[in-house]
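The values are calculated or read from the model by the stated rules, or taken from the named source; none is laboratory data. None of the values given here were measured: they were computed from a predicted structure. In this analysis, Cβ positions are derived from the backbone assuming ideal geometry, glycine residues included, and neighbour counts consider all displayed protein chains.
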Amino acid sequence: MNKRSFVKNLSMLGLAGFPGVNNLDKWLKQYEHALPAELAGDEAFWEGVRKGYRIKPDYINLENGYYCFLPQELLEKSIEHIREINYLGSYYMRTVQFDNKKAMAAKLATLAGCGADELVITRNTTESLDMIISGMHWQAGDEAIMAEQDYGSMLEMFKQVANRHGVVNRIVSVPNHPSSDDEIVQLYANAITAKTRLLMVCHMINITGQILPVRKICDMAHAKGVAVMVDGAHAFAHIQYSISDLNCDFYGASLHKWLSVPLGAGLLYVKKDNVNKVWPLLAESETITNDIARLNHIGTHPVHTDLSIADSIDYYFKIGPERKEARLRYLQHYWTSKVRNMPNILLNTPADAARNCGIANVGIQSILPADLANILFKKYNIYTVAIDYAGVRGCRITPNIYTTPVELDQFVKALTELSGN
């Protein structure tokens, strides 16, 4: 699309304020036949998508990994749900609440690639996976395997079951730049003993963005009689896959990250045969046995968030899963390719495209990560998060689909100056 057509079409969206659902639909329709690879670097297309976000002008937000805030279209729909449930009050809570949540879970299961009877909506990844860790029928001397790069909340829960039940935790360390899948698989295989009950693995490591060979790890562990729990917080709606293809036993993810659901929504997948092997977080009726609903009793909660899940899934498919993944991968490679070989720069994310997507981690030899994050924000108006543990020293950089190469150029300029290049 040439510049004149771009300017003309952009006017359809409105240069000020929220463009509205219909206008965004019209914008996307013009590109319906374009291949995702072609659109990945098409700034005209993504500028149209960016107009749907209300972006704070004070700083460049490169910390979307914690929480991907909603485009205005989804925000307005979420507010509509709050108004409607506030209007209906107890009538809603006592009538269709549970049917609606079940319908949302079924739609989510279709996206996740698993059975509707294997997935429930939780509040976040921590709730999902900690329920499995704390709810297994542990015996003293049982062993669990995890990595020091795993998310802190799960590592803390493993410490708790060790203290409560006498579980032995075996901790491995995943290299930032593995030579092959076999190196990673063997790392976990070497930690397995005859007493190992559960192995936890990240689908995408949150502090570096490294994608791990989950299916190969699951196959290896199952051959040794070990169940596998996967932390998919950063993979879900970021890269494309089906949970059923991973061959894992448990899978947890947060929907407020890359699916852009309002805060307070996550998912838990439990392979059908494992439902009765886990104690619920909160007690449910003893009459419920093989139904995964037994793991989903949390009392009164913000049900309007449940309804927003369908809107976010629709938006995700409107933008296009392949388009989104291609764009996120393009943005990450755009800036990392400019600094990867610079002196004094530490890139803690593998260069292999099969091992990364939108997230990467970068540091500078002579600057502590906390100081780097502080300087980037105060001097360059770039917001990131510092990581300084588990063999990772740098700042995690997580653009989103609204991020522009111009913004990333400013980030590259800052790194270049700070590293003395």
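What to note about this one:
- Among the residues of segment 246-255, the one identified as surrounded by fewer than 24 Cβ atoms within 10 Å (Cβ to Cβ) and closer than 20 Å to MET154 by Cα is ASP249.
- Residue within segment 395-406 that is of a type in the set (Lys, Arg), under 24 Å from the mean Cα position of the chain (by Cα), surrounded by 22 or more Cβ atoms within 10 Å (Cβ to Cβ) and at pLDDT 95 or above present: yes
- Hits in segment 160-174 (condition: in a helix (DSSP H, G or I) and among the charged types (D, E, K, R)): ARG164
- For ASP99: the one exception among (1) among the acidic types (Asp, Glu); (2) without any contact (Cβ under 8 Å) to a residue 40 or more places away in the chain; (3) in a loop (DSSP other than H, G, I, E, B): (3)
- Number of the exception - ASP314 against (1) assigned to a helix (DSSP H, G or I); (2) out of contact with any Leu (no Cβ under 8 Å at 6 or more places or on another chain); (3) farther than 26 Å from ILE243 by Cα: (3)
- Test: residue in segment 173-191 that is in contact with a Pro (Cβ under 6 Å, 6 or more places away or on another chain), buried (at least 18 other Cβ atoms within 10 Å of the Cβ) and closer than 24 Å to THR349 by Cβ: yes
- Within segment 256-283, the set of residues being of a type in the set (S, T, N, Q), surrounded by fewer than 24 Cβ atoms within 10 Å (Cβ to Cβ) and in contact (Cβ under 8 Å) with a residue 40 or more places away in the chain comprises ASN274 only.
- Residues satisfying the stated conditions in segment 363-394, i.e. buried (at least 20 other Cβ atoms within 10 Å of the Cβ) and assigned to a helix (DSSP H, G or I): PRO369, LEU372, ALA373, LEU376
- Residue count for segment 318-345, restricted to those that are surrounded by fewer than 19 Cβ atoms within 10 Å (Cβ to Cβ) and either within 19 Å of GLY391 (Cβ to Cβ) or in contact with a Lys or Arg (Cβ under 6 Å, 6 or more places away or on another chain) (or both): 2
- Count of segment 130-155 residues which are among the hydroxyl-bearing types (Ser, Thr, Tyr) and in contact with a strand residue (DSSP E or B) (Cβ under 8 Å, 6 or more places away or on another chain): 1
- Within segment 130-157, being in contact with a helix residue (DSSP H, G or I) (Cβ under 8 Å, 6 or more places away or on another chain) and at positive phi holds for no residue.
- Qualifying residue in segment 23-36 (condition: modelled with pLDDT of 95 or more, under 30 Å from ASP409 (Cα atoms), outside the structural domain of SER254 (by TED's automatic domain parsing) and of a type in the set (Asp, Glu)): no
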